[in-house]
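Notes follow once the structure below has been shown.
The values are calculated or read from the model by the stated rules, or taken from the named source; none is laboratory data. It should be emphasised that the depicted structure is a prediction, and the values quoted were computed from it without experimental measurement. FYI the Cβ positions are ideal-geometry reconstructions off the backbone, even for glycines, and counts take in every protein chain you see.
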Amino acid sequence: MIIGLDVGGTHTDVVLLDQSGLLRQAKIPTDPEDLFGSILAALEAVTAGIPPEGIRRIVLSTTLTTNAVIQGNIPPVGLIVSAGPGIDPEAFRTGEAYICVRGSIDHRGREVEPLDEVEIRRAAERLRREGIRQVGIVGKFSVRNPAHEIAIREMLGEGFEGVFLGHRVSGRLNFARRIATTYLNAAVYPLHRSFFDAVCGSLAEKGLQLPLRLLKADGGNMKLEASLEAPIQTVLSGPAASVMGAVAAAAGEDDAVVMDIGGTTTDLAVLIGRAPVLNPNGITIGAYRTLIRSLETLSIGTGGDSAVRLKGGELVVGPERRGPALIFGGRHPTPTDAMAALGILPHPERRRAAEGLRPLAAGLGLDVEALSRRILETACRQMLAAADRLVEGINAQPVYTVHELMEGYRVRPQRLLVLGGPAPHFAGTLAALTPLSVRVVPRWEVANAIGAALARTTCEVEFFADTEQRLARAPAENFHQPIALPYGMQEATAQALALLREKALARGANPRYLEMEVVEAQEFNMIRGFHTTGKNLRVRVQVKPGLIHGYDELLARLAAPAEAPPVRTATGP
Amino acid sequence: MLQARHRVGLVFFPAYDWAIHPQHPEREERLLYTQDQILEEGIFDIEGIFEFKPDPVVLADIQRVHFCVPDPWTVATESHFISAGGAKTVGMAVCEKRVDRGFALVRPPGHHAMRVVHGARGFCNINIEAIMIEFLRRKYGIRRVAVVDTDCHHGDGTQDIYWHDPDTLFISLHQDGRTLYPGSGFPEELGGPNAFGTTLNIPLPPHTTEEGFLHALHHVVRPVLAEFRPDLIVNSAGQDNHYTDPITNMNFSARGYAELTAELGADIAVLEGGYSIEGALPYVNVGILLAMAGLDFRHVREPDYDRHQIRQSASVTAAVHQVCDLVLSCWQKREKLRERRLAEGNPYRRRRRIFYDTDGFSETQLEEVTPCGHCGGALRIDSTSDRGVHILAVHVPRNACPSCRQQGLAWYEEASPRRFDHVFLQDQTNDRFETKPRDAARP
Ligand SMILES: [Zn+2]
Ligand SMILES: [Zn+2]
């Protein structure tokens, strides 16, 4: 049996499932002041009476790190940055204790300027004096040669709790994002660690001693131990949980847009077959642009509880929320009230909804029914326009070869998969407004928890080889090795895949069903003067997000039409 | 977070799967390290810098500018359609005011491609700036355009295309043609009789540094631009003046490029040459991008930069000052010089030999332009390549006056398809390109 648990802003959703089907599900209110209590209560709800040894896996998606970052609830972090020439590193300052030091590395990993040990020891002294316990060390081009970052850590000396090196964050180039991501790793580390120590302690008391898995922003999971090296990877995993829940319902033959409709927002993502489209750079959290691999998503301020009002004689839905819907005791009309007024959402307070909508209807010269339809149509048009923007954005992502530009894959969605609380009530209106075939994700209310439960372990490896320097490198994986000539793409790809396999297994992947793929394999002849001096090889491999093996029966059952709620049309035929 | 003072639109298209041939300077690797540097500096994350995916140009875009022999598909590859498309994409973003400035960081380049194209010259097949400019004129009604070519080589292709166009000011700064390909671009090359003075050439001695370039910018380019008052300034931004460039002899630095870019303030920059792919391009391009965005570029520096080693000598400085004075006086006395040129002979006809170094053959041209005080004049080009292809090309410019247009159409009408392998008409007044069918030959 597997447990999937998604702590959201308002609800915590949890499922218990096995290969035959969904065994238990629960939805409990989240206490933002006590995430720990919310998690335990949710686990309690699905495990009561279940023998602990029958549970093979628990996957958690939490808002712990997200909340800490958004609320700025983080301890002081020291940063030691060596940039060299280029943009002034002051532009990327993360706080008071941000110290720029000498030393620089170029794009091929060659040292341009050495470090100054005295300067670094002085910086370390200052951090100790200020009582700083968490430190990040980041160098420009450290992913081409991490020697300076490693040397700085040596020079730092004792007295720090967590020291995070920039090159371990990701193999991708982007100094500014490397700084931000390293900073965030250092910043959330103490909280992350103590929180999950407590969770594991409580689980152990219940006899659950299996390794805990955490969901990441890219829709994959990793073991808790692996997360300690990069705790910020667990940030914003909630939207990823929902998308993975939709993957469980995707037919897989064509492209689809996923819409997770909530009270305040609608989050959108795109599936190519059953693989969610990834963001090419990394996730943005508040003011921080990072190198954290994530799904490509778009969030808009339209949801079931969006405020509905008139502005200059025009009907406006969202983007803000002004409390709950009228039918739930609120004071401002919302799309949810329009659904209740139309009877799409059966509710005893239907009359209250109609009364509350009447002034708006009068303002537009409509009756309540026509207004309610107009409200739902307006909300749905906003969601569909966002879907178009997201798809256009993905298709407009630059490519760097003639082949990709002329023949590259273009996303053309055929389906719209909707989930989230109000999803079934919006589905009819959406269906009337779009040529896409609209489908409500089965078990839409807990699809996010199902997604968390079934997500596979994901990871990525960036690999470089430079035959002129006779070096192969994947600094993020702590790998560098001299190479023997002849050396070509075949050797590079094989080495990259071996590293990926090792990394995936360490993170908890199933070795029997490891789906690895080569995302990029570029080979350049290096010519200096009129001679070929070597080859520059660049390989990116990944285990892409998807579902774990062995749950086809469960998926088929979930996807059976009988289990999906009927789609009702609000707009007429 | 960094915030650009000017919104900059960038098309980056390194064509990682295209080369003239594997060892050629114009090869796959050329922009690889530039990409590394741009990514590592996080340029695309700067608020106000936007990266666009290029749309390839269409046939009509190329035929608005060129006579490709026998057709555009034969003389250009998909890669050329995309790099010209990169310039066009950036130009559209600027004209539609989605960005304040644009940079087409694309390859292959184009400034050696002339109006008639039999093959590749100076690594260029089609002129990506001219294709962009003529598209922008057509679509957005832009009239006066200035092209400032700062590539180390004379932009002879762009000069040829705008030789007779009084609405296009072409200024080229380059290493003296007596010491470098293509061997042209001297101060006396001032444009055709209908557009005399709107072509200016500033040949600079080898070892000129940014000091010399900035002198030319301040003492010639800026005052001429101020008088010409273009609606659009395009910079053919070659990067082969760098002190590490393997095929030229100048002493420019990344910081100097950034300063030049900031001071020129072009609306659109288009990459041309630049073959020091590790030592220069990564730093030069970061400098140019920061300068275009109005950001601080003072920390941009090459790893081996040594200010003293590349200092400009007094004799170079003197030579730069001298040529700048000469070119400025040519501009100021252009009316008088034109009259003298008319008195000396018939400038409405010229006979030329054009060498296609990249493909290794020559072309002979007989060119005739209608004398006109109202428009650029219709153009009749009788061109034979020593591969044995003989064509007649007739060009009618955008703002052609009725009588010049009539003359152009008459030339096309009269031409017998039996005498030529191809007869082409490029009528910019209605944006049409025609090819005379062979079987249309009258008895
Ligand atoms: Zn050049
Ligand atoms: Zn005329």
Query raised in the report: Condition test on A:Glu33, is it outside the structural domain of A:Glu154 (by TED's automatic domain parsing), over 24 Å from the mean Cα position of the chain (by Cα), at negative phi and modelled with pLDDT under 90?
Result: no
Report task. Any residue in segment B:386-407 that's within 14 Å of chain A (Cβ to nearest Cβ) and more than 16 Å from ligand 2 (Cβ to nearest atom): show its pairings with residues that are outside any strand (DSSP E or B) and aliphatic (A, V, I, L, M) at Cβ separation under 6 Å, as long as the two are six or more apart or on different chains. Result -> none
Query raised in the report: Of the numbered conditions (1) at negative phi; (2) surrounded by 15 or more Cβ atoms within 10 Å (Cβ to Cβ); (3) in a loop (DSSP other than H, G, I, E, B), B:Gly377 satisfies every one except a single condition; which is it?
Result: (1)
Requested in this report: Hey, could you check segment B:353-383 for residues that are more than 15 Å from B:Val394 (Cα to Cα) and free of Cβ contacts under 8 Å to residues at least 60 places away in the same chain and say which is farthest from ligand 1 (Cβ to nearest atom)?
Outcome: B:His374
Requested in this report: Answer yes or no: is there a residue in segment A:365-375 that is surrounded by 13 or more Cβ atoms within 10 Å (Cβ to Cβ), at positive phi and away from chain B (no Cβ under 14 Å).
Outcome: no
Query raised in the report: Out of segment B:290-314, which residues are within 10 Å of chain A (Cβ to nearest Cβ) and of a type in the set (A, V, I, L, M, F, W, C)?
Result: B:Leu290, B:Leu295, B:Phe297, B:Val300
Query raised in the report: Which helices (runs of 4 or more DSSP H) does segment B:45-141 wholly contain that include 3 or more residues that are away from ligand 1 (no atom under 16 Å from the Cβ) and buried (at least 22 other Cβ atoms within 10 Å of the Cβ)?
Result: B:78-95, B:128-140
Requested in this report: Check whether at least one residue in segment A:159-167 is within 14 Å of chain B (Cβ to nearest Cβ) and more than 30 Å from A:Arg410 (Cβ to Cβ), and report yes or no.
Outcome: yes
Query - B:Asp176 vs. criteria among the charged types (D, E, K, R), under 21 Å from B:Phe355 (Cα atoms) and touching a helix residue (DSSP H, G or I) at 6+ places or on another chain (Cβ under 9 Å) - result: yes
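Quick grid of which residues meet (1) touching a strand residue (DSSP E or B) at 6+ places or on another chain (Cβ under 7 Å); (2) in a helix (DSSP H, G or I); (3) within 16 Å of ligand 1 (Cβ to nearest atom):
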| position | (1), (2), (3) |
| --- | --- |
| B:Arg387 | yes, no, no |
| B:Leu392 | yes, no, no |
| B:Ala400 | no, no, no |
| B:Ala410 | no, yes, no |
Query - Subset tally (residues that are at negative phi, assigned to a loop (DSSP other than H, G, I, E, B) and more than 16 Å from ligand 2 (Cβ to nearest atom)) for segment B:346-374 - result: 4
Query raised in the report: Any idea which of B:Asp304, B:Asp296, B:Asp325 is farther than 30 Å from B:Glu26 by Cα and not in a helix (DSSP H, G or I)?
Result: B:Asp296
Requested in this report: Mind listing whichever residues of segment B:28-41 are touching a residue at least 24 places away in the same chain (Cβ under 8 Å) and facing chain A (nearest Cβ under 8 Å)?
Outcome: B:Glu29, B:Leu32, B:Tyr33, B:Asp36, B:Gln37, B:Glu41
Query raised in the report: Of A:Glu117, A:Glu90, which residue is surrounded by fewer than 22 Cβ atoms within 10 Å (Cβ to Cβ), in contact (Cβ under 8 Å) with a residue 24 or more places away in the chain and either of a type outside the set (Ser, Thr, Tyr) or away from chain B (no Cβ under 14 Å) (or both)?
Result: A:Glu117
Query raised in the report: Can you tell me which residue in segment B:328-345 is surrounded by the most Cβ atoms within 10 Å (Cβ to Cβ), limited to those that are among the small types (Gly, Ala, Ser) and part of a helix (DSSP H, G or I)?
Result: B:Ser329
Requested in this report: Find all pairs meeting these conditions: Cβ atoms under 7 angstrom apart; at least six residues apart or on different chains; first residue within segment B:16-27 and more than 7 Å from chain A (Cβ to nearest Cβ); second residue of a type in the set (Ser, Thr, Tyr).
Outcome: B:Ile20/B:Thr358; B:Pro25/B:Tyr275
Requested in this report: Look at B:Val11 and say whether it is away from chain A (no Cβ under 12 Å) and at negative phi.
Outcome: no
Query - Some residue of segment B:190-207 being surrounded by fewer than 17 Cβ atoms within 10 Å (Cβ to Cβ), within 16 Å of ligand 1 (Cβ to nearest atom) and modelled with pLDDT of 95 or more - result: yes
Requested in this report: Give the number of residues within segment A:277-315 that are in a strand (DSSP E or B) and free of Cβ contacts under 8 Å to residues at least 40 places away in the same chain.
Outcome: 4
Query raised in the report: Residues in segment B:408-420 that are within 10 Å of ligand 2 (Cβ to nearest atom) and either over 29 Å from the mean Cα position of the chain (by Cα) or of a type in the set (Ser, Thr, Tyr) (or both): how many?
Result: 0
Requested in this report: Examine segment B:6-14 for a residue that is of a type in the set (D, E, K, R) and either outside any strand (DSSP E or B) or in contact with a Ser or Thr (Cβ under 7 Å, 6 or more places away or on another chain) (or both), and state whether such a residue exists.
Outcome: no
Query raised in the report: Does A:Leu430 fit the bill of being within 30 Å of A:Thr12 (Cβ to Cβ) and either within 34 Å of the chain's Cα centre (by Cα) or surrounded by fewer than 20 Cβ atoms within 10 Å (Cβ to Cβ) (or both)?
Result: yes
Report summary line: Only one of B:Ser362, B:Ser383 is surrounded by fewer than 20 Cβ atoms within 10 Å (Cβ to Cβ) and not assigned by TED's automatic domain parsing to the domain that holds B:Arg143, namely B:Ser362
Query raised in the report: If you check B:Glu259 against the conditions, is it part of a loop (DSSP other than H, G, I, E, B), buried (at least 16 other Cβ atoms within 10 Å of the Cβ) and not aromatic (Phe, Trp, Tyr)?
Result: no
Query raised in the report: Looking at A:Val270, is it among the aliphatic types (A, V, I, L, M) and under 30 Å from A:Glu462 (Cβ atoms)?
Result: yes
Report task. Kindly provide the set of residues from segment A:226-276 that are in a loop (DSSP other than H, G, I, E, B) and of a type in the set (Ser, Thr, Tyr), ordered by number. Result -> A:Thr264, A:Thr265
Query - Residue within segment A:378-387 that is assigned to a helix (DSSP H, G or I), touching a Lys or Arg at 6+ places or on another chain (Cβ under 6 Å) and either free of Cβ contacts under 8 Å to residues at least 40 places away in the same chain or not basic (Lys, Arg) (or both) present - result: no
Query raised in the report: Any idea which of (1) free of Cβ contacts under 8 Å to residues at least 60 places away in the same chain; (2) buried (at least 19 other Cβ atoms within 10 Å of the Cβ); (3) hydroxyl-bearing (Ser, Thr, Tyr) is the one A:Tyr551 doesn't satisfy?
Result: (1)
Query raised in the report: Hey, any hits in segment B:54-74 for a residue that's within 14 Å of chain A (Cβ to nearest Cβ) and hydroxyl-bearing (Ser, Thr, Tyr)?
Result: no
